[in-house]
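*Asks:* Have a look at this one.
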Amino acid sequence: MLRLAARSAKPLATLRSASRTFATSRCVRSERSPASLDTFTEEEQLLRESVRRFAVDVVGPKVREMDENEMMDPSVIKGLYEQGLMGIETSADHGGAECSFTSAIIAIEELAKVDPSVSVLCDVHNTLVNTVIRKYGNKEQQDKWLPLLAESKLGSFCLSEPASGSDAFALQTRAKKEGSHWILNGSKMWITNSYEAEIFLIFANASLIKGYKGITCFIATKDMGVQIAKKEEKLGIRASSTCTINFDDLKIPEENVLGGEGKGYKIAIEILNEGRIGIAAQMLGLAQGAFDKAVPYTFERKQFGQPIGTFQGMQFQMAQAAIDIETARLLTYNAARRKEEGLPFTKEAAMAKYWSSVVAQRVSGQAIEWAGGVGFTRETGIEKFWRDSKIGAIYEGTSNIQLQTIAKFLQKEYS
């Protein structure tokens, strides 16, 4: 059934099976006159249609079961790989699709319209794990790890700890050099993809006297001795695994140091700015998904002799929600395009993540109310969007952290 669905979804592999790229030409923006933020290349449009079909045909039928079981269906992960969605920006030489950053944002948005849990799995793997190795890895590391990540091995980004959340550089995991290896000891919390992952990017401090400048990024595999401990039971995105992981004398070869000793803090800061655009896209897709489920119902459900969607009070609410979603979309794609064009985008990424998280929670909550009692049940799936929306204000930088980031830019500009 997965093969039939995947075949109908026209995977990224269609046109270049050997390297599984989306098209025979790279998915990059062509030179053109200024256009709206809703203007996409032909390759990006085809990608959107392909991911949308995959999300509806393959992911959709499994959403409720995965949510109730709090477990990602392995066939969904397999399908993401078959579609070429786990190496969107990765080069063709490394088995990826070699598409644009905006292409990754499109995929994340479309998956979130159906299941934000699947969306964040794809998001973290692409915008964090793949990007770190692609940007900071040496040639040997890229040649070794990027093909694995593009073709079969799920990645996990291990930064947060029990006492190191918003204050990310207060981490306590330690790394000690012994001969040609590093020995890691410590724990990580709230780690996305960790239950299914086989490749881990671990941030640990290799020199306490240097403070945050001692933080170093290491590549590890599960079979090196990464211990998956507690799997969290969450309010939302239940199918997305979130675990505590432990390292007890975890032995990592020195060639697995990524970006150089002491460069971990720089990697984390820079990569999370990109990751926030991914979360903005997830929340954008979530809001649109809830909207798309609830609005048609308002024109089917009749009270007082007419569809409830024709009452002015309802119409005003839906119109405002549509405006909110569009503003979130514009902020998100503006940040993505700025990143692609090499322009500063930290402030824009913070704005996009903050506002998309607000809109996701607001619209998904309203969607439940528009559907009334039916919306409150699990049958429609609308209530799941609201549960999933809460995480947007928390991970990859809380809403307060985003506001603080924006405020710093404003202070610099106006003081």
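The values are calculated or read from the model by the stated rules, or taken from the named source; none is laboratory data. Everything numeric here is computed off the predicted structure, so don't read it as measured data. We place every Cβ from the backbone using ideal geometry, glycine too, and count neighbours over all the protein chains shown. Side chains included, ligands, DNA and RNA excluded: accessible areas come from the protein's heavy atoms. Shrake-Rupley method; radii C 1.70, N 1.55, O 1.52, S 1.80 Å.
*Asks:* Among the candidates Y297, Y212, which residue alone is in contact (Cβ under 8 Å) with a residue 40 or more places away in the chain and in the same structural domain as N193 (by the TED database)?
*Replies:* After applying the criteria, what remains is Y212.
*Asks:* Another question, if that's okay. Name the one entry in E44, E110, E49, E68 that is under 25 Å from T380 (Cα atoms), charged (D, E, K, R) and open to solvent by less than 10 Å² (accessible area, probe 1.4 Å).
*Replies:* E110
*Asks:* Still on this structure, I have one more. Here is a list of conditions, (1) closer than 27 Å to M86 by Cβ; (2) without any contact (Cβ under 8 Å) to a residue 40 or more places away in the chain, and E198 meets all of them except one; can you say which number that is?
*Replies:* Of everything listed in (1) closer than 27 Å to M86 by Cβ; (2) without any contact (Cβ under 8 Å) to a residue 40 or more places away in the chain, E198 misses just condition (2).
*Asks:* Kindly evaluate E300 against the criterion of being assigned to a loop (DSSP other than H, G, I, E, B) and open to solvent by 30 Å² or more (accessible area, probe 1.4 Å).
*Replies:* yes
*Asks:* Here's something else I'd like to know. Could you go through region 325-337 and let me know if any residue there is assigned to a helix (DSSP H, G or I), touching a Gly at 6+ places or on another chain (Cβ under 7 Å) and either open to solvent by 50 Å² or more (accessible area, probe 1.4 Å) or modelled with pLDDT of 95 or more (or both).
*Replies:* Scanning region 325-337 turns up no residue that is assigned to a helix (DSSP H, G or I), touching a Gly at 6+ places or on another chain (Cβ under 7 Å) and either open to solvent by 50 Å² or more (accessible area, probe 1.4 Å) or modelled with pLDDT of 95 or more (or both).
*Asks:* Can I ask one more? Having 3 or more residues that are among the charged types (D, E, K, R) is the bar; report the helices (runs of 4 or more DSSP H) wholly within region 54-125 that clear it.
*Replies:* 63-69
*Asks:* If the requirement is being open to solvent by 10 Å² or more (accessible area, probe 1.4 Å), among the small types (G, A, S) and at pLDDT 95 or above, which of these qualifies: G165, G211, G186?
*Replies:* The conditions single out G186.
This table checks each residue for (1) more than 19 Å from I391 (Cβ to Cβ); (2) among the aliphatic types (A, V, I, L, M).
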| position | (1), (2) |
| --- | --- |
| S103 | yes, no |
| I108 | no, yes |
| P147 | yes, no |
| E151 | yes, no |
| F157 | no, no |
| T173 | yes, no |
| T192 | no, no |
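*Asks:* Any residue in region 250-269 that is closer than 27 Å to R52 by Cα and at pLDDT 95 or above?
*Replies:* No, because not a single residue in region 250-269 is closer than 27 Å to R52 by Cα and at pLDDT 95 or above.
*Asks:* Does any residue of region 313-320 turn out to be at pLDDT below 95 and open to solvent by 10 Å² or more (accessible area, probe 1.4 Å)?
*Replies:* Among the residues of region 313-320, not one is at pLDDT below 95 and open to solvent by 10 Å² or more (accessible area, probe 1.4 Å), which makes the answer no.
*Asks:* Let me ask you something else. Listed residues K230, K177; which is in a strand (DSSP E or B), open to solvent by 60 Å² or more (accessible area, probe 1.4 Å), touching a strand residue (DSSP E or B) at 6+ places or on another chain (Cβ under 7 Å) and outside the structural domain of A360 (by the TED database)?
*Replies:* Residue meeting the stated conditions: K230.
*Asks:* Right, another one. Go through region 354-410 and count every residue that is more than 22 Å from I191 (Cβ to Cβ), open to solvent by less than 60 Å² (accessible area, probe 1.4 Å), in contact (Cβ under 8 Å) with a residue 60 or more places away in the chain and among the charged types (D, E, K, R).
*Replies:* Adding up the residues that qualify gives 1.
*Asks:* Restricting the search to region 138-151, which residues are open to solvent by 60 Å² or more (accessible area, probe 1.4 Å) and not charged (D, E, K, R)?
*Replies:* Hits for region 138-151 are N138, L148.
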